[in-house]
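Novice: The structure under discussion is supplied below as structure tokens; questions concerning it will follow.
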Amino acid sequence: MMKKYLLSVFTLILPLLTFAQDSERGIDEIIDEKFGNATGWFVDAIFYQIPFSDTVSVYWVLFPLIIGAMYFTIYFNFINFRGFFTSVNIVRGKYDDLDHHESLIGAGDSTPGGDNIETIAIEDHEGEVSHFQALTAALSATVGLGNIAGVAIAVSIGGAGATFWMIIAGFLGMASKFVECTLGVKYRDIAEDGTVYGGPMYYLTKGLKEKGLGGLGKLLAVLFAIFVIGGSFGGGNMFQVNQAFQLVENITGGEQSFLHGYGWAFGLVMAILVGIVIIGGIKKIAKVTDKIVPFMVAIYVAASLFVIFAKFELIGGAFAAIWNGAFSPEGIAGGAIGVLIQGFRRAAFSNEAGIGSASIAHSAVKTKYAASEGMVALLEPFIDTVVVCTMTALVLIITGFVDPLNPPANDAQAILLTSSAFESSISWFPYVLTVAVVLFAFSSMISWSYYGFQGWTYLFGRSKKAEYTYKVIFCIFVVIGAAASLGSVIGFSDAMVFAMMVPNMVGLILLAPKVKQELNKYMAAIKANKL
């Protein structure tokens, strides 16, 4: 029944997409213009830039993200560094015996003053996915185009020094991820069939109600749910498939490519593949991501190391350029502040620490200690930003593909710049990178579909009808994203992703003491286990 429904919907939209591409001023352009006029105020508000000088302007959304990350780093006594090896051991399964438990309330958290039946663990139920699967599901949404394209833009505009600040922001972001993902598990709901519902919607509602701020919590949770749905359709879907198609088209001949004009066909294939995975829920998503993500990251890091060591004699100079450029940049627009902003901006846009999205994937983990998953989550910005982004930056610096006077105008151009940098040492790597980008886009889409779905169920209920409605709409947007050039729609959805930070960060700061309690409880359990 579901497959027939999907096919009938795609049959209806295909003629529209063909017309959108063939007409002189396609439907997509008209929609884009009207949509841009209607939503421009929201995009301008979220991405408002505070001018610091004639050459430097800073997005205001960076301030709460960076200041929040610094606050959590200090409040939790540098957990991002102290807890690193413990986090690795949790992922390795060293403390799994602590998490095996019977039916108990601790798997969820009772709704204060309300009916708590939905949060009681069903018999022998421990969550839906392992620590490693939760980590890969969340990583699949963050490791992607931002690491490949975004870094090229940051390093081109901010010079080699932007890499240093990107690494610092990555380390700070680890603390934010720890806080939000601990809360995601602590306040999750577990349905009678064992399905887990979690994320900022739940810790804002239940956590703030505990503090006597139920009205504020409900308002912030509804806002977050709306923003995460919008972000899932755009930045987590249309943008991903659009950029993947552009690269595939370019690598196969550009405007002479046999794919030129057939974005809808590429989108249709991706939509079918996405649909097959997301209809199975988080367990199916995790089974795909725990295979794709380590494979993608390993290939990308291995290729980066090959390029770096092939030009071994330039490594010292590259690190010197990163260090010197971070504090005494010469000839870079905006000077030291401009370099710092480029690095911090790229890290924040890449790892999404403080946005709240990752806590949705992490909340489905099998554990009775909320802080155990927070510890696992702090590895995410490290892998995403400190490792993968730094590798990209080093490749670009060492191969000489950094030109501050002619930075790439958009992500599609930036991917091609990164591709050319790899090609200079590995002639066939652009083809591998193209496959990697398609896989990155695919894994980001399936993870973001889960994020948006959780927001959808929070607003519209947990019925099968609500579930399939969301998933069909999501698949339709995959096709539209590949076929159309909807710049305003993607800009709006990007703004929605960063708007998620506002309600989330309020909750994180107010609920930080609860996280400290959970951390102390878990560390005490580890200590007792060692005795």
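Novice: Within segment 192-294, list the chymotrypsin sites (Phe, Trp or Tyr not before Pro) lying in a DSSP loop whose Cβ has at most 14 other Cβ atoms in a 10 Å radius. Write down the numbers at each step before the final one.
Specialist: On the way: sites: TYR197, TYR202, TYR203, PHE224, PHE227, PHE233, PHE239, PHE245, PHE258, TYR262, TRP264, PHE266; in loops: PHE258, TYR262.
Sites meeting the loop and neighbour criteria: PHE258.
Novice: So, taking all protein chains as they sit and a 1.4 Å probe, how much accessible area belongs to THR390, in Å² rounded to tens?
Specialist: Ignoring ligands and nucleic acids, THR390 comes out at about 20 Å².
Novice: Can I ask one more? Need the C-alpha centroid separation for segment 476-531 versus segment 228-289, integer Å.
Specialist: About 23 Å separates the Cα centre of segment 476-531 from the one of segment 228-289.
Novice: If Lys and Arg each add +1 and Asp and Glu each add -1, what is the summed charge of the other residues whose beta carbon sits under 10 Å from the beta carbon of GLY374? Don't skip to the end; give the middle numbers.
Specialist: Values: positive: LYS177, LYS186; negative: GLU180, GLU373, GLU518.
Overall, the nearby charge balance is -1.
Novice: Below 13 angstrom from the Cβ of ALA175, what's the summed charge of the other residues (Lys, Arg +1; Asp, Glu -1)?
Specialist: Details: positive: ARG82, LYS177, LYS516; negative: GLU180, GLU380.
Its environment carries a net charge of +1.
Novice: Sticking with this one: Just how much of HIS260 is accessible, in Å², when a 1.4 Å probe is used and the result is rounded to the nearest 10?
Specialist: Accessible surface of HIS260 is approximately 90 Å².
Novice: Which ³J(HN,Hα) values, rounded to whole Hz and listed in residue order, are derived for segment 316-324 from phi using the Karplus coefficients 6.51, -1.76 and 1.60 in 6.51 cos²θ - 1.76 cosθ + 1.60 with θ = phi - 60°, glycine and proline given as x?
Specialist: Going residue by residue, I get x, x, 5, 5, 5, 5, 5, 5, 5 Hz, with x marking Gly and Pro.
Novice: At a Förster radius of 25 Å, what calculated FRET efficiency corresponds to the Cβ-Cβ distance of ASN77 and SER57, to the nearest 0.05?
Specialist: Numbers: r = 35 Å, r/R0 = 1.38.
Result of the calculation: an efficiency of 0.15.
Novice: Give me the distance in nm between label points sitting 7 Å out from Cα along the Cα-to-Cβ direction at ILE30 and ASP44, one decimal.
Specialist: For ILE30 paired with ASP44, the spin-label model returns 2.6 nm.
Novice: Taking amide H atoms as placed 1.01 Å from N in the peptide plane, list the residues 5 or more away in sequence, or in a different chain, whose amide H sits under 5 Å from that of SER57.
Specialist: Here PHE52 satisfy the definition.
Novice: Sticking with this one: Using a Förster distance of 22 angstrom, determine the FRET efficiency expected from the C-beta separation of LEU259 and ILE473, and round it to 0.05. Can you show the working numbers first?
Specialist: Numbers: r = 25 Å, r/R0 = 1.16.
In this case the efficiency is close to 0.30.
Novice: Search the structure for amide H atoms under 5 Å from the amide H of VAL365, placed 1.01 Å from N in the peptide plane, and list their residues when 5 or more places away or on another chain.
Specialist: GLU128, VAL129
Novice: What does the charge count near ALA298 come to, summing +1 for each Lys or Arg and -1 for each Asp or Glu among other residues with Cβ under 15 Å from its Cβ? Could you put the intermediate results ahead of the total?
Specialist: Details: positive: LYS291; negative: ASP290, ASP384.
So the environment of ALA298 carries a net charge of -1.
Novice: Using the structure shown, list the pairs from LYS186/LYS218; LYS94/LYS527; LYS186/LYS284; LYS94/LYS206 with a Cα-Cα distance above 20 Å, or answer none.
Specialist: Where the Cα-Cα span goes over 20 Å, the pairs concerned are LYS186/LYS284; LYS94/LYS206.
Novice: Further question on the same structure: Would you please give the FRET efficiency between ASN520 and ASP193, computed as 1/(1 + (r/R0)^6) with r the Cβ-Cβ distance and R0 = 35 Å, to the nearest 0.05? List each step's numbers first, then the result.
Specialist: Numbers: r = 33 Å, r/R0 = 0.94.
E between ASN520 and ASP193, to the nearest 0.05, is 0.60.
Novice: Moving to a separate point now. Fully extended, how many nm does the chain gain between LYS465 and ASP96 (0.36 nm per residue separation, minus their Cα-Cα distance)? List each step's numbers first, then the result.
Specialist: Values: separation 369, 0.36 × 369 = 132.84 nm, distance 3.65 nm.
Result: 129.2 nm gained on full extension.
Novice: Top to bottom by accessible area (1.4 Å), largest first, where do ARG92, ARG82, ARG188, ARG462 land? Each step should come with its number before you reach the end.
Specialist: Numbers: ARG92 170, ARG82 145, ARG188 0, ARG462 95 Å².
Result of the area sort, largest leading: ARG92, ARG82, ARG462, ARG188.
Novice: Would you rank LYS34, LYS283 by solvent-accessible area, highest first, keeping every protein chain in place and using a 1.4 Å probe? Please report the intermediate quantities before stating the final value.
Specialist: Values: LYS34 135, LYS283 105 Å².
Largest accessible area first, the list is LYS34, LYS283.
Novice: Along the charge dipole of segment 179-218, pointing to its positive end and built from +1/-1 on Cβ of Lys, Arg, Asp and Glu, which listed residue (TYR202, GLY184, LEU216) has its Cα farthest out?
Specialist: LEU216
Novice: Given labels modelled 7 Å from the Cα in the Cβ direction, how far is it in nm from VAL432 to PHE84?
Specialist: In this crude label model, VAL432 to PHE84 measures out at 2.7 nm.
Novice: Give a residue-ordered list of calculated ³J(HN,Hα) values for segment 268-277 (Karplus: 6.51 cos²θ - 1.76 cosθ + 1.60, θ = phi - 60°; whole Hz; x for Gly, Pro).
Specialist: Ordered by residue, 3J(HN,Hα) equals 5, 4, 4, 5, 5, 5, 4, x, 4, 6 Hz.
The values are calculated or read from the model by the stated rules, or taken from the named source; none is laboratory data. This one's a predicted model, so the numbers in the text were calculated from it and none came from an experiment. Methodologically, a virtual Cβ is constructed for each residue, glycine included, from the backbone with ideal geometry; neighbour enumeration extends over all protein chains shown. Areas reflect the complete protein model, heavy atoms only, side chains present, ligands, DNA and RNA absent. Shrake-Rupley method; radii C 1.70, N 1.55, O 1.52, S 1.80 Å.
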